[in-house]
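Quick notes on the structure that follows.
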Amino acid sequence: MQLPSWMSDLGRGVLDVIYPPRCLGCGARAHRPDLPLCAGCLQSMERAPDMGVAARLDRLPVAPTALDDARALWIFDKGGALQAVQHALKYGDRPAYGAALGRIMGRADWESLPRLSGVVPIPLHRTRLLERGYNQAAALGTGMAEALAVPLRDDLLHRPRPTLSQTDLSRTERWSNVSRAFRAEPEAAGGTWLLVDDIMTTGSTAVAAAQTLREAGAASVTLAVLALART
Ligand SMILES: [Zn+2]
């Protein structure tokens with residue numbers, strides 16, 4: 001059952017008093033309740049190498065020409081602190097964590113970003129959105145848009161077609177699963193967009209989303225992801 005948001009916020013407030021939030025990485029009392037990780041864990045996160053995303057995209061069955069540039073902040077390891085964070089983001093009803101991590105992404109020392117028209121989170125299909133209650137990429141996008149002082153445009157890209165979970169699919173299957181999943185609004189035309197997602201594995205979802213924006217006339221699309229999955 002989906003509770004009204006004021007009710008779940010109230011419940012969370014009560015729970016936070018009884019069980020103070022702990023760092024999802026090391027279990028220490030979190031320094032800031034809006035962040036899933038303590039300062040120590042945040043500092044010890046492994047940064048993704050500069051060319052890490054580009055190298056991954058080169059292995060896709062299509063040329064990733066729709067993306068002008070692509071960056072990842074951290075490396076995602078199975079069983080690592082970020083997996084606990086991802087789980088809390090996806091299933092734990094913690095959009096505030098997403099926004100706080102998005103602000104960290106927005107303030108990261110990326111090499112120069114183009115002048116942006118806005119931040120476009122990769123959308124979820126309606127069914128999955130209803131299951132989760134919110135889109136974790138949109139939560140990250142909210143924080144990024146705030147840190148970069150550009151509009152959040154979560155109204156530009158839609159995902160009308162449900163897709164299978166990508167988890168057990170091969171690289172080629174992942175591409176055919178998502179290649180035509182998105183639809184863009186005509187307003188995407190002419191814009192310079194920053195596409196945002198949480199974890200990138202093969203990059204097929206991001207490239208499909210970027211391709212849809214470019215087909216709608218976007219001038220440029222740059223991708224920023226919270227983390228690149230280690231393979
Ligand atoms: Zn910690």
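Here, each number is a calculation from the coordinates, and none is a lab measurement. Note that the structure is a prediction, hence the values are computed from the model and not measured. Glycine gets a Cβ as well: all are built from the backbone with ideal geometry, and neighbour counts include every protein chain shown.
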Over the chain, with a Gaussian network built from C-alpha contacts below 10 Å, which listed residue (Met45, Met105, Met144) shows the highest mean-square fluctuation? Met45
Per the helix-only calculation at 222 nm, which mean residue ellipticity applies to the chain, given -39500 (n - 2.57) for every DSSP H run of n ≥ 4 and division by its residues, nearest 500 deg cm²/dmol? -11500 deg cm²/dmol
Checked against the positive end of the charge dipole of region 46-229 (+1 on Cβ of Lys and Arg, -1 on Cβ of Asp and Glu, about the Cα centre), the farthest of Leu223, Leu82, Gly143 is Leu82
Would you mind working out the magnitude of the charge dipole of the chain relative to its Cα centre, with +1 at each Lys and Arg C-beta and -1 at each Asp and Glu C-beta, to the nearest 20 Debye? 400 debye
Ranking Arg115, Arg183, Arg153 by Cβ neighbours within 10 Å, fewest first, what do you get? Arg115, Arg183, Arg153
Protection proxy ranking of 89-102, 67-80 - average other beta-carbon atoms within 10 Å, highest first: 89-102, 67-80
Log entry: pair-distance distribution for region 82-231, C-alpha pairs binned every 10 Å from zero, whole % per bin is 12, 43, 38, 7
So, over other residues within a Cβ distance under 12 Å of Arg59, counting Lys, Arg +1 and Asp, Glu -1, the net charge is +2
The helix 5-18 Cα axis meets the longest alpha-carbon principal axis of the chain at an angle in degrees, between 0 and 90 and rounded to 10, of 50 degrees
Rounded to 5, the percent of DSSP beta bridges in the chain classed as antiparallel: 15 percent
Note: His158 to Ala39 extended length (0.36 nm per residue) minus current alpha-carbon separation gives 39.3 nm
